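Enquirer: Attaching a single structure in structure tokens format; questions to follow.
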Amino acid sequence: MVVLKNGVPQPNEWVRLADDATPPDGAKVIVTFERWQAERESLRQRNSAIGVSLKSDQSPLLLADDLDRVSLVALEFPKFTDGRSFSYARVLRDRLGYRGEIRAVGQVLRDQYLFMLRVGIDTIEPPAEKRVEGYAEALTEFSVFYQPTNDHRETALRLRHGLNKSTASAAA
Amino acid sequence: MYRYDQFDATFVRERTEQFRGQVARRLAGELTEEEFRPLRLKNGLYLQLHAYMLRVAIPYGELSSTQMRKLAFIARRYDKGYGHFTTRQNIQYNWPRLDDVPDLLAHLAEVEMHAIQTSGNCIRNVTADHLAGVTPDEVDDPRVWGEIIRQWSTLHPEFSYLPRKFKIVVIGTETDRAAMRTHDIGLKIVRNDAGEMGFAFYTGGGQGRTPIIGPLVKAFVAKEDLLSYLDATLRVYNMHGRRDNIYKARIKILVQSLGAEEFGRQVEEEWLRIKDTVLKLPEAEVARIRSYFAPPTYENLPAYIPEFEAKKSADPDFGRWVRANTDVHKVDGYIAVSISLKPVGAAPGDMTADQMDVMADLSDAYSFGEIRVTHRQNLVLPNVRKQDLFDLWTRLKAVSLDEPNIGFVSDIIACPGLDYCNLANARSIPVAQRLSRRFSDAKRLSDIGELRLNISGCINACGHHHVGHIGILGVDKKGEEFYQVTLGGSSAEDISIGKILGPAFSYDQITDAIETVIDTYLDQRTGPSERFIDTYRRIGIEPFKEKVYGGSKERRPAAE
Amino acid sequence: MANDRPLNQMVTAQWLLGGESIYWVAGKGWSDSFAEATVYADQATADAALAEVQEFVKQRVIVGPYLIEVEVDSDGPKPTSARERIRAAHNATFDIDHGSWTARIAD
């Protein structure tokens, strides 16, 4: 399966592990939150990177005490109309200060991709039947942004008032 | 009026092209109808009974004459020569083709208009008091804040896939002309004890299947914190609002299930975390937006204009129209004029392209080129000199836009109903037409006095039936149209939810039933100054029930 | 579910491009005319027709096909609901001349 980062296809280094599967040695594995809860101590002891996947009714606050050990949080979009994970990404970044990878999995549509990057999601796993190039195209559709989030895109408001970073540093 | 700068103009062009691409992908088979549907809805495009319907945003109900002319152009070119103004101050076209919509939107973008977020499970186009900026006793102009909210909510990356739709309204006075507490968030601009301006948040109101009067969740949010408090509210809703049942997915259900106090506590907790971050509104941006809403250059005029007063008594028709269709203006010598879109026998809120052009011309001639749309589906020329009023009325009369019925029983709110709408159970417009013919006599109308009659074609309540003094709700009984009557609702500052009168009436019975309700009021009122709603509140529903159902639960036979 | 009374049904949908309501005429194709449509007297043939027209959904010609119930008498088929009566007429039930208003302008 392909993973997209900034619209560019990447090899997927992570293995999503079924709850009854044994973690392969040395592999980067993503476990469900239920498994993380059940095997927390042993999983923390593993030598390789661990990711945890959250269903759309599982708030990332459940992982608040474990984020130091979690290199990837996978947020599920069971239906593209279920938008809870847009807020979960912001909770992870802004409230919990998480700096690891956030990945969107499930029914992730191209028309949502730019929103996902804006709220702090790094990578997505697009559904197999979708044209991968479309996701890169979606990132070029807008050059103006109204909402300040935690990405690098400057808002119309800051640009209007010369508060953007480039202007600010040029003036300094 | 607000004017787009380079950022706004670029944005709307980009959004138009994005939608053009979405339509192309739908036609090319890259998007299924299931995937396309939410995308087209977020751009105001519905598939209705006979055709597509496009809902065009009129942010906070304000239009320029140039924009009105463009709406007329679109009505002629892409529709059948008319449009329908809605209870959310927008306009709907009933007959566009899917493959024409991208070009239609490009025409709208030329005059700084769009259809963004006029539907879908996102933050809808923001509405406001239609007398914003001209009514006396306003704490501040709601349009300024409406525009700030419009920009903040437009293609919000976090809040574009909410559990359900989300409606925000702003008013600046104690008098409520915008049904403030029937919204997901009703914002009332207020002053605190220190004299600072801010917002009271009434969160979790709504109509639909479960009508709820929005509780006060926070009495004062400082103006620089408006966006952070909105953000916090929406985040709590997006994470915790129900997604398992469409009828329980609005924020009102969340607020009710947690209790307003606990809901407010959760918002507060989130808000305290973010209030001093990037969402704090810089004064410079507020000032920039405010400058667009600076008052026009009013003349120095006396409050009392003798020739105007003389005309009112000399021409009783003019006098009646002035009494019914005008509101006090904050500037001496000026007046705010309502243009009724409810002439006898018309479809409430409908307007032909020719009439739109006339309105544009009249607004240029008499009102600084500015027009407002009201949530009661009428138009307003907000800035007319009293001395011009007779000329304006004469010109309105020539095109039959002079119906003197604002606030009266024939000033009916009606949704499109089963004549157009895919969701409707029963027709609304023909019921409104029959009622307006029944109550067409001007003297009878003014004798009955203020009476708000609202009609919805289904329980979604787009026609605001719960908050009409008299509400009519269309229901389906085995494929046939029936109408349930509610009494005692109000959407004003004395807001209340109407109570069901009794068993529903057939299409042919409903006009007589309403007339009986109104005759009962006329019999029971203490005098002409006691409004229908006052009489209802004094005597309750029983006397009405007795008259309408003849003391038993049996319906009266249908009239011939 | 078993049903004792005769159930007459038609297949209806909307054109994808224009959104107009259309009716399925077996062996011929889509028609704007309700009166022309094929009436299916049993559930199995109605279901088969509905399955058959899914191809038009895939080809992006129509959207949202479904079965509607109709009554058949000597004048031909009639919709059994107000909704389908209005749909079959392809227009609102009131005069789109906006009542007295446009009439007065036209004077």
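The values are calculated or read from the model by the stated rules, or taken from the named source; none is laboratory data. Quick caveat: nothing in here was measured; it's all calculated off a predicted structure. Positions of Cβ are backbone-derived with ideal geometry, glycine not excepted, and every protein chain shown enters the neighbour counts.
Enquirer: Provide a single number: the residues in region B:350-388 that are on the phi > 0 side of the Ramachandran plot and without any contact (Cβ under 8 Å) to a residue 24 or more places away in the chain.
Expert: Residues that pass the stated criteria total 0.
Enquirer: Which ones in region B:319-361 are touching a strand residue (DSSP E or B) at 6+ places or on another chain (Cβ under 8 Å), crowded, with 23+ Cβ neighbours inside 10 Å and facing chain C (nearest Cβ under 10 Å)?
Expert: Within region B:319-361, B:341, B:347, B:350, B:351 qualify.
Enquirer: Could I ask something else about it? In this structure, does residue B:514 turn out to be closer than 21 Å to residue B:550 by Cα and assigned by TED's automatic domain parsing to the domain that holds residue B:419?
Expert: So residue B:514 fits the description; yes.
Enquirer: Related question: Filtering region B:258-305 down to residues that are β-branched (Val, Ile, Thr) and within 30 Å of residue B:237 (Cα to Cα), which residue is surrounded by the fewest Cβ atoms within 10 Å (Cβ to Cβ)?
Expert: So, considering only residues that are β-branched (Val, Ile, Thr) and within 30 Å of residue B:237 (Cα to Cα), the one surrounded by the fewest Cβ atoms within 10 Å (Cβ to Cβ) is B:277.
To keep it simple, each residue is scored yes or no on (1) within 14 Å of chain A (Cβ to nearest Cβ); (2) within 18 Å of residue B:225 (Cβ to Cβ); (3) surrounded by fewer than 22 Cβ atoms within 10 Å (Cβ to Cβ).
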| site | (1), (2), (3) |
| --- | --- |
| B:167 | no, no, yes |
| B:180 | no, no, no |
| B:190 | no, yes, yes |
| B:201 | no, yes, no |
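The rows are residues; the columns are (1) polar (S, T, N, Q); (2) in a loop (DSSP other than H, G, I, E, B); (3) crowded, with 18+ Cβ neighbours inside 10 Å; (4) over 16 Å from the mean Cα position of the chain (by Cα).
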position	(1), (2), (3), (4)
C:12	yes, no, yes, no
C:23	no, no, yes, no
C:48	no, no, no, yes
C:51	no, no, no, yes
C:69	no, no, no, no
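Enquirer: Further, regarding this structure: What's the number of the only condition in (1) away from chain A (no Cβ under 14 Å); (2) within 23 Å of residue B:13 (Cα to Cα); (3) within 13 Å of the chain's Cα centre (by Cα) that residue B:126 fails to meet?
Expert: Every listed condition holds for residue B:126 apart from (1).
Enquirer: Turning to a different aspect of this structure: Among what's in region B:401-424 and is closer than 17 Å to residue B:461 by Cβ and of a type in the set (Gly, Ala, Ser), pick the residue that is farthest from the chain's Cα centre (by Cα). Reasoning before the result, please.
Expert: The first filter runs over region B:401-424 and keeps only residues closer than 17 Å to residue B:461 by Cβ, leaving B:412-418, B:420-424.
Going one step further and asking which of them are of a type in the set (Gly, Ala, Ser), we end up with B:414, B:417, B:424.
Numbers: B:414: 11, B:417: 16, B:424: 19 Å.
Within region B:401-424, the match that is farthest from the chain's Cα centre (by Cα) is B:424.
Enquirer: Moving on to the next point. Can you tell which of B:118, B:135, B:154 is closer than 23 Å to residue B:175 by Cα and among the polar types (S, T, N, Q)?
Expert: B:135
Enquirer: Filter region C:47-87 for residues that are more than 28 Å from residue B:419 (Cβ to Cβ) and of a type in the set (Gly, Ala, Ser) and give the result.
Expert: C:48, C:49, C:51, C:74
Enquirer: Report, by residue number, each residue of region B:236-247 that is more than 12 Å from every other protein chain (Cβ to nearest Cβ) and in contact (Cβ under 8 Å) with a residue 12 or more places away in the chain. Break it down stepwise before answering.
Expert: Here is the first cut: in region B:236-247, the residues more than 12 Å from every other protein chain (Cβ to nearest Cβ) are B:245, B:247.
Matches in region B:236-247: B:247 only.
Enquirer: Tell me the strands (runs of 3 or more DSSP E) entirely within region B:40-98 that contain at least 2 residues that are of a type outside the set (A, V, I, L, M, F, W, C).
Expert: Details: elements: B:45-47, B:52-56, B:62-64, B:82-85, B:91-93.
Once the strands (runs of 3 or more DSSP E) in region B:40-98 are filtered for at least 2 residues that are of a type outside the set (A, V, I, L, M, F, W, C), what remains is B:52-56, B:62-64, B:82-85, B:91-93.
Enquirer: Taking region A:77-114 on its own, how many of its residues are over 19 Å from residue B:231 (Cβ atoms), of a type in the set (Asp, Glu) and either part of a helix (DSSP H, G or I) or not assigned by TED's automatic domain parsing to the domain that holds residue A:28 (or both)?
Expert: 1
Enquirer: Still on this structure: Could you please give the count of residues in region B:138-149 that are among the charged types (D, E, K, R), out of contact with any strand residue (DSSP E or B) (no Cβ under 7 Å at 6 or more places or on another chain) and either surrounded by 22 or more Cβ atoms within 10 Å (Cβ to Cβ) or assigned by TED's automatic domain parsing to the domain that holds residue B:334 (or both)?
Expert: Of the residues in region B:138-149, 2 are among the charged types (D, E, K, R), out of contact with any strand residue (DSSP E or B) (no Cβ under 7 Å at 6 or more places or on another chain) and either surrounded by 22 or more Cβ atoms within 10 Å (Cβ to Cβ) or assigned by TED's automatic domain parsing to the domain that holds residue B:334 (or both).
Enquirer: Could you run through region A:128-152 and say how many residues are surrounded by 14 or more Cβ atoms within 10 Å (Cβ to Cβ) and more than 10 Å from every other protein chain (Cβ to nearest Cβ)?
Expert: 4
Enquirer: Related question: Scanning region B:419-449 for residues that are over 14 Å from residue B:482 (Cα atoms), basic (Lys, Arg) and touching a Ser or Thr at 6+ places or on another chain (Cβ under 7 Å), which turns out nearest to the other protein chains (Cβ to nearest Cβ)?
Expert: Ranking the qualifying residues of region B:419-449, first place goes to B:434.
Enquirer: When you go through A:67, A:72, A:117 one by one, which is the residue that is within 19 Å of residue A:15 (Cβ to Cβ) and either in the same structural domain as residue A:7 (by TED's automatic domain parsing) or surrounded by fewer than 23 Cβ atoms within 10 Å (Cβ to Cβ) (or both)?
Expert: On the way: A:67 fails: within 19 Å of residue A:15 (Cβ to Cβ); A:117 fails: within 19 Å of residue A:15 (Cβ to Cβ).
Testing whether each residue is within 19 Å of residue A:15 (Cβ to Cβ) and either in the same structural domain as residue A:7 (by TED's automatic domain parsing) or surrounded by fewer than 23 Cβ atoms within 10 Å (Cβ to Cβ) (or both) leaves just A:72.
Enquirer: List the number of the failed condition for residue B:59; all other conditions in (1) closer than 30 Å to residue A:155 by Cα; (2) crowded, with 21+ Cβ neighbours inside 10 Å; (3) out of contact with any strand residue (DSSP E or B) (no Cβ under 9 Å at 6 or more places or on another chain); (4) more than 10 Å from chain A (Cβ to nearest Cβ) hold.
Expert: (3)
Enquirer: Hey, could you check region B:19-34 for residues that are within 11 Å of chain A (Cβ to nearest Cβ) and buried (at least 20 other Cβ atoms within 10 Å of the Cβ) and say which is farthest from residue B:295 (Cα to Cα)?
Expert: So, considering only residues that are within 11 Å of chain A (Cβ to nearest Cβ) and buried (at least 20 other Cβ atoms within 10 Å of the Cβ), the one farthest from residue B:295 (Cα to Cα) is B:31.
Enquirer: Look through region A:115-127, keep the residues that are β-branched (Val, Ile, Thr) and over 26 Å from residue B:226 (Cβ atoms), and return whichever of them is nearest to the other protein chains (Cβ to nearest Cβ).
Expert: For region A:115-127, the residue satisfying everything is A:121.
For every residue, the table says whether it meets (1) more than 28 Å from residue B:210 (Cβ to Cβ); (2) part of a loop (DSSP other than H, G, I, E, B).
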site: B:405; (1), (2): yes, yes
site: B:411; (1), (2): no, yes
site: B:423; (1), (2): no, yes
site: B:440; (1), (2): yes, yes
site: B:447; (1), (2): yes, no
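Enquirer: Pairs needed: first member in region B:252-270, assigned by TED's automatic domain parsing to the domain that holds residue B:180 and assigned to a helix (DSSP H, G or I); second member anywhere, buried (at least 16 other Cβ atoms within 10 Å of the Cβ) and acidic (Asp, Glu); C-beta distance under 8 Å; at least 6 residues apart or different chains.
Expert: Pairs found: B:252/B:184.
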